[in-house]
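Inspection log for the structure reproduced underneath, given as structure tokens.
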Amino acid sequence: MRQQSSLARLLASVALTAILAAGLGGCQTMSDITGSISPKGESKPDTDPHRAAEIYGERYRADPKNAEAALAYGQALRTSGQRSQAAAVLEQATIAHPGDKALLAAYGRALADVGKFDQALEVLTRAHSPDQPDWRILSVQGAVLDQLGRHPDAQRYYASALKIKPDDPAVLSNLGLSYALAKDLKNAEATLRRAAAQPGGDPRVRQNLALVVGLQGRFAEAESIARTYLPPDAAAANVAYLRQMLAQGDNLRGPARQNGAGPAPGT
């Protein structure tokens, strides 16, 4: 148990994040997309997220009962990092529009953003129905379950999402990260490699693949993978950072091998 907690702390310490809401509501934030092994990852949005929040905020305040305005404002707040405010806006919107599944999906994701995982699961369950499941919401639910440490349950949600949307790189990446958190590094690697091979996948999927390779001590291979999306000096710096974290990680690779991960990296 101690070693599994150490692995979870290590993954968190290198800014590894799941794709908690890829595609929901037509908007993705940094936390919706697979994370990076870099402790100093940077993004370059096409527009200023804070300016977007101001614009959508004006529209929302002009008509706070408008579901589309509330949804756009909530998503803009999330993108700009104002997560608590996003949750508050979307909560009021779902009260005014209790049957709006798009609002429920966005609100559930916002609750996950602020760490209210049990409440997020309840809201997300209402955002779709068993007879009409939404693969994107299934993936979000899986990611929330991973946050709660319920990795087998999370993996079942990802499997259900993949039945609807086979080989989706976002869902595959989430599944790979779930395996990694469960210390099943062999399946983690295979799944992340599958995700990285899909067209249209986010480059950060390969960042996670590099991380999982490095978790098993294959640092040269991890650096080689990282070089496909980072300059050589940045790739080397990331691997050096990973080496440092592993040195502090209570001998994480030993228990992983005992669980059948073998010498291959996990995805």
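The values are calculated or read from the model by the stated rules, or taken from the named source; none is laboratory data. Only a predicted model underlies this, so the values are computations on that prediction, with no experimental measurement involved. Neighbour counts are summed over all protein chains in view; Cβ atoms, including those assigned to glycine, are modelled from backbone coordinates with ideal geometry. The area values use the complete protein model at the heavy-atom level, side chains included, leaving out ligands, DNA and RNA. Shrake-Rupley method; radii C 1.70, N 1.55, O 1.52, S 1.80 Å.
Between His50 and Ala236, the modelled label-to-label distance comes to 3.5 nm, taking each label 7 Å out from Cα in the direction of the beta carbon. So what's the net charge close to Ala62: Lys and Arg +1, Asp and Glu -1, counting the other residues with Cβ under 14 Å from its Cβ? Summing Lys/Arg as +1 and Asp/Glu as -1 gives -1. With the highest mean first, a sort of the peptides 239-247, 164-172 on other beta-carbon atoms found within 10 angstrom per residue produces 164-172, 239-247.
Mean separation of Cα pairs under 8 Å and 6 or more residues apart, divided by the residue count, gives region 134-180 a relative contact order of 41 percent. The Cβ shell under 13 Å around Arg156 holds other residues with a net charge of 0, Lys and Arg each +1, Asp and Glu each -1. Within the full protein context, the accessible area of Lys101 is estimated at about 100 Å² for a probe radius of 1.4 Å.
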